[in-house]
Structures are given as C-alpha cells and as structure tokens.
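Take a look at the structure set out below.
The values are calculated or read from the model by the stated rules, or taken from the named source; none is laboratory data. Model, not experiment: these values are computed from the prediction. Every residue, glycine as well, gets a Cβ built from its backbone with ideal geometry; the counts of neighbours run over all protein chains shown.
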C-alpha cells in the first residue's frame, strides 16, 4: 500500500511562534513512522527564493511570503503557490492539503480549482473571536447591525474559507459550537472536535536536582516561584498578575514571578515599578528552557480574558503544576474548578470584561499556604493531561481523521 502525502501549511506570523507552530511540530512528530509522507509548506517572508530541504523528519518547502493588503495580489500569490505544488505532485498519488490560518481563503480556493481537491482546515482562532473576546452573544447582536462592517467581513471571509474545505478541525468545544451556531448546521458533518495535545516531557526532579536547577537561575531554594507564559498583550491578563504580585509581596517577601513570552515589554515594565527584583521577563525562549522553569516553579497562573484553547495550560498540567486560571472560553473546558485548577471568574465592569483580582489573590494565597492542596491539584492536573491531552490520544484521532478523507 502506497503512502499518502500530507502537505501542512504554515507561514510567518506571531501565532507561528506560539500555538500554531507548536501544533504543526507536534503533528509532524505524530506522523513519523506512519503511512504518510509529510511536506511542510512554509510561506516565509524572510526568504528570497523557493527552497526544498529535509528537516526534522519531513520535507520542508519554503516559499517567499509577499506581505500585501491587496486582495487581487494576494489571490495571485496563492495561485502561484499552488502551481509550485502542482509541479511536485504525481498524477497517481493521494494528497491531503492541511491549512492552519483563517486568512487562507484564496489558498483554499486555488487548491480546489487547480488541484481539483478540497483542503482540510484546523480552526486555531478567528479574528472575530479575538476582537470580541469570544463573546458570541455580542457577535450575534453586531451581525444585526449593518454598520459593523469589519465584523461582517470577518464572518463572511470565514464562511467562504469553510465552504472550500472538505473537513474542519476545531480545537475546543466552544469554538466547535460557535462555528455551527454562526455558519449553520450544514457544516456539522464536516467538523470534528480534536483538542490539542503534547508529547509528555515531564520527569519529576529530586529535591537536590530541583535546587541545582534553581541555582542555575539564581533562585534560592526557599523562594516561591510563580510562572506565567504567553504573548505579552492585554488579552493575556499579565497586568492582573502584576497587580496581585504587588499585594502578595507585602505578605510574602520571598516570592518571584517568571513571565515567559514576547510582546509589549515596555507596558509591563512600567507596571513592575517598585518590584523589579521580583519579576523576570524571559522573552521568547525555547521549550527546553521553558520546561526547566516549569520544573522549578511552585505554581502557574493563566490570567487570559479569552483563550481559544490553551497550550500553555496543558504544558503546566503536564508538569503537575498547581494552577490558578481564569474561568474563560478554552480554559474553562480544560480545567475543573478545585480539582485540576482553582478558577477565577471573569467579571464585567463598565462594559469591559476583566479578571476578579481579589479572587485571584485569594486563590494564589490559598495554594501558597496549603502545599498539600497544591500537590493534589497538580497531581490531578497531570492525571487529566495523560488521559486527554497526551500524544497517544491525539495521534489516534488525527490518524482516524486523515484516513477518513
């Protein structure tokens, strides 16, 4: 039996360095030694010419990315991309084209037209969901107003892309439900719910090894380490953590916060005034370094106002970290309150959604003061990670998904 060919699409973007890049890397690793020949089609703005190389167990086709806001130029660009692919294909092979961005409607169209096959799509996020923080009730109200042009365009462009795809993956239940509610039941037969997952990289450290690792990062063994990770932007709620940290420091002197991720450092450096020695901004770091920080941390915080899924959440669960998390969208699905995390409600003040910082403070303090409870929460979280979000479960579902095409 001949192998199927899978073409996975990625491109230069902020999301590439976070959720989508991790998703694609994990998917490629899952398909090694399976009946698939994988080619990563990488639309890369940094390259000047087309390249085909072998990398990390798959072929990598690098095509220069043209940054343009002109729709007709963008369409012609994606048409050229598909013709490059057509030259690589043999007439008798079965190929699957897997898209990962909601901006890929022209790419989907030309795959359909030129290659006479429909691509598949993973919905990692939507523009409307970011803009409205996942509030579907607000979306429905805005769709009734003709003046909300941007929102109408977002929904229409999403609908066009979905219509070109033979199958669609949603990574979270709330996005699955939203897609069907917005675009209609006609898509139900084409949509699958397959949550993200990660390869288990956790090894429990002895006290001596943990202290040695803390020494590497110049952190005393008695210091309480809190960690959060993700892009430094308002939706991630970093400001709430810093506000609470200032209050915590008055009660607990020996405490340190690691913030891992790129973004608007200047904004948050200003907010750390007076507590500079208690906060470390790592910038964008590799997985090995991030996992070392998880290994020495006492608890993790996820303070997002909206989160489509939450790969950082399952990373922390993998490392058996006790977690305090905002009760919102994708995070709400992952965690069970008081079992796998302590949840903090999102509240609405003056028409704006915000995190309840009083509750956030109380939950963090509860875990600091109750190491036995913290250990139970962390242990429960790791158990659920192994049951729902580890590679074996995900790999089985993705192979079933591809084999059904």
Do we find that residue 249 is in the same structural domain as residue 365 (by TED's automatic domain parsing) and farther than 13 Å from residue 292 by Cα in this structure?
yes
Being outside the structural domain of residue 307 (by TED's automatic domain parsing) and within 16 Å of residue 7 (Cα to Cα) narrows 151, 111 down to just 111
Considering (1) surrounded by 17 or more Cβ atoms within 10 Å (Cβ to Cβ); (2) outside the structural domain of residue 263 (by TED's automatic domain parsing); (3) assigned to a helix (DSSP H, G or I); (4) without any contact (Cβ under 8 Å) to a residue 60 or more places away in the chain, say which one residue 180 fails and leave the rest.
(1)
Which residues, taken from the range 77-113, are outside any helix (DSSP H, G or I) and within 30 Å of residue 179 (Cα to Cα)?
94, 95, 96, 97, 98, 99, 100, 101, 102, 103, 104
Test: residue 66 is in the same structural domain as residue 26 (by TED's automatic domain parsing), surrounded by 11 or more Cβ atoms within 10 Å (Cβ to Cβ), more than 23 Å from residue 22 (Cα to Cα) and within 27 Å of the chain's Cα centre (by Cα):
yes
Quick one: which of 121, 74 is closer than 29 Å to residue 231 by Cα, assigned to a strand (DSSP E or B) and assigned by TED's automatic domain parsing to the domain that holds residue 10?
121
Output yes when any residue across the range 368-390 is more than 29 Å from residue 222 (Cβ to Cβ) and free of Cβ contacts under 8 Å to residues at least 40 places away in the same chain, and no when none is.
yes
Kindly indicate whether residue 306 is surrounded by fewer than 24 Cβ atoms within 10 Å (Cβ to Cβ) and touching a residue at least 12 places away in the same chain (Cβ under 8 Å).
yes
Looking at the structure I just gave you, is residue 51 in contact with a strand residue (DSSP E or B) (Cβ under 9 Å, 6 or more places away or on another chain) and not assigned by TED's automatic domain parsing to the domain that holds residue 311?
yes
Within the set of pairs 6+ apart or on separate chains, which have a first residue in the range 267-293 that is assigned by TED's automatic domain parsing to the domain that holds residue 21 and in contact (Cβ under 8 Å) with a residue 40 or more places away in the chain, a second that is surrounded by 17 or more Cβ atoms within 10 Å (Cβ to Cβ) and in a loop (DSSP other than H, G, I, E, B), and C-beta atoms under 7 Å apart?
none
Looking only at the range 60-85, how many residues end up being closer than 22 Å to residue 3 by Cα and touching a helix residue (DSSP H, G or I) at 6+ places or on another chain (Cβ under 9 Å)?
3
Residue set 312, 346; condition within 23 Å of residue 124 (Cα to Cα), buried (at least 24 other Cβ atoms within 10 Å of the Cβ) and in contact (Cβ under 8 Å) with a residue 40 or more places away in the chain; output residue 312
I'd like to verify a number: residues in the range 143-157 that are part of a helix (DSSP H, G or I) and either surrounded by fewer than 20 Cβ atoms within 10 Å (Cβ to Cβ) or in contact with a strand residue (DSSP E or B) (Cβ under 6 Å, 6 or more places away or on another chain) (or both), how many?
9
For residues in the range 14-32 being modelled with pLDDT under 90 and in contact with a helix residue (DSSP H, G or I) (Cβ under 8 Å, 6 or more places away or on another chain), which is surrounded by the most Cβ atoms within 10 Å (Cβ to Cβ)?
19
